[in-house]
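Notes follow once the structure below has been shown.
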Amino acid sequence: MTTPLEIAVDHPRWGGLVFDALAAGPTDGEPVLLLHGFPQTARCWRHQLAALGATGRRAVALTQRGYSPRARPLPVEAYTMAELVGDVVAVADQLGWDRFHLVGHDWGGAVAWQVAGRHPQRLRTLTVLSTPHPRAFAEALAEPDGDQRQRSFYVDLLRAEGSEMGLLANDAAGLRLLFAGAGMTEDEARPYLQALATVEALGAAVNWYRAARLTDVEGLGPIVAPTLYVWSTEDPALGPEAAEATAAAVEGPYRFEVLDGVDHWVPEHAADVMSALLVEHLDRYGDVTP
């Protein structure tokens, strides 16, 4: 069973931010923070929340900056990687978590890698779904005729001024196509379409793309937390080259799992397998100090 949660954070530049979240498990349980990707919300983790709560852990899935209506600054510069990483640390502080397990999918995975490389002392373990390590991704993307460059064609479309209005035109036909093209049914996508149905909401979500820079990898330290990385073969956005190269960026214990025949939406379309992998990872390394 999951329950809604509000997490208020005072930001020196953006003022009071209130993040919506979903939580499961006892408040004194071993802490796990889960980060969703584009274009979703904390709801995508509902299966994993239930599984983690059943083990006695305290699992909190955060609806991140721009996706939470009361944590939605307007400027693009409010969505830099430094700001997104800062949110994770600030939320953990607010929850009273000195060290915690961190889980991320898609953009949430990109943030999770950054937290692990910049705040290694805060993590018990790291689990990333779909998204390769940022350095491996940048190297794959740099190949002019490479597979990843072709898969990432949509990024420039999202970064373009006014892209949110285009995606929402004609009853959000473009956003619906984005979900469907990556393997999600209309019924599955409906809660996310509702959450992002305004120009303000979707504009904040695509601001993550607009604020992203290849230089985000600068100063990123090695990954020393015990790491589980899960990639799926039918992901149209993230190819095998960077996924396979991610191992070189991890100095701590590392496990790479490939889900054959699974599309991009791993937390939902491979819910049972993913939950089992996650619980096993946390069981094995929960008490390990990097």
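Placing +1 on the Cβ of every Lys and Arg and -1 on the Cβ of every Asp and Glu, with nothing else charged, gives the range 80-179 a dipole about its Cα centre of roughly 400 debye. Per-residue 3J(HN,Hα) values for the range 118-131, derived from phi via the Karplus relation 6.51 cos²θ - 1.76 cosθ + 1.60 with θ = phi - 60°, read 10, 9, x, 5, 8, 9, 7, 8, 10, 10, 10, 10, 6, 7 Hz in sequence order (x marks Gly and Pro). Site pair E188 and D171 shows an inter-label distance of 2.2 nm when each label is modelled 7 Å from Cα along Cα→Cβ. What you get for the range 3-285, charging only the Cβ of Lys and Arg (+1) and of Asp and Glu (-1), is a dipole of about 720 debye around the Cα centre. Relative to the compact-globule estimate of 2.2 N^0.38 Å, the Cα radius of gyration of the range 181-290 comes out at 1.28.
When the helices of the chain are scored as -39500 (n - 2.57) per DSSP H run of n ≥ 4 and the total is divided over every residue, the value at 222 nm lands at -12500 deg cm²/dmol. Electrostatic bookkeeping for G239 treats Lys and Arg as +1 and Asp and Glu as -1; over the other residues with beta carbon under 9 Å from its beta carbon, the sum is -2. Put simply, when 51-61, 34-44, 77-87 are sorted by average Cβ atoms within 10 angstrom per residue, most first, you get 34-44, 51-61, 77-87. Charge dipole (Cα centre; +1 on Lys/Arg Cβ, -1 on Asp/Glu Cβ; no other charges) of the range 189-290 amounts to roughly 360 debye.
What does the extension gain come out to for R213 and A138, with contour length at 0.36 nm per residue minus their alpha carbon separation?
Roughly 26.0 nm would be gained on extension.
A simple rule links phi to the HN-Hα coupling: the Karplus curve 6.51 cos²θ - 1.76 cosθ + 1.60 with θ = phi - 60°, which for the range 257-272 gives 10, 10, 9, 6, x, 9, 8, 5, 8, 4, x, 9, 8, 10, 4, 5 Hz, with x for Gly and Pro.
In order along the range 39-53, the phi-based Karplus estimate (6.51 cos²θ - 1.76 cosθ + 1.60, θ = phi - 60°) of 3J(HN,Hα) comes to x, 10, 9, 4, 4, 4, 9, 4, 5, 5, 4, 4, 5, 5, x Hz; Gly and Pro are listed as x. Among H11, H281, sorting on how many other beta-carbon atoms sit within 10 Å of each Cβ, with the fewest leading, yields H11, H281. With contacts taken as Cα pairs under 8 Å at a separation of at least 6 residues, the range 3-285 carries a relative contact order of 20 percent.
Given H placed on each backbone N at 1.01 Å, which residues far from D106 in sequence or on other chains put an amide H within less than 5 Å of it? Those qualifying (amide H under 5 Å, at least 5 residues apart or on another chain) are L129, T131. Normalised by residue number, the volume inside the convex hull of the Cα atoms of the range 3-285 is 118 Å³ per residue.
Read-outs throughout are calculated quantities, based only on the coordinates presented, and are distinct from any laboratory measurement. Every value quoted in this text rests on a predicted model; they were computed, and no experiment measured them. Here the Cβ is made from the backbone with ideal geometry for all residues, glycine too, and neighbour counts use every protein chain on show.
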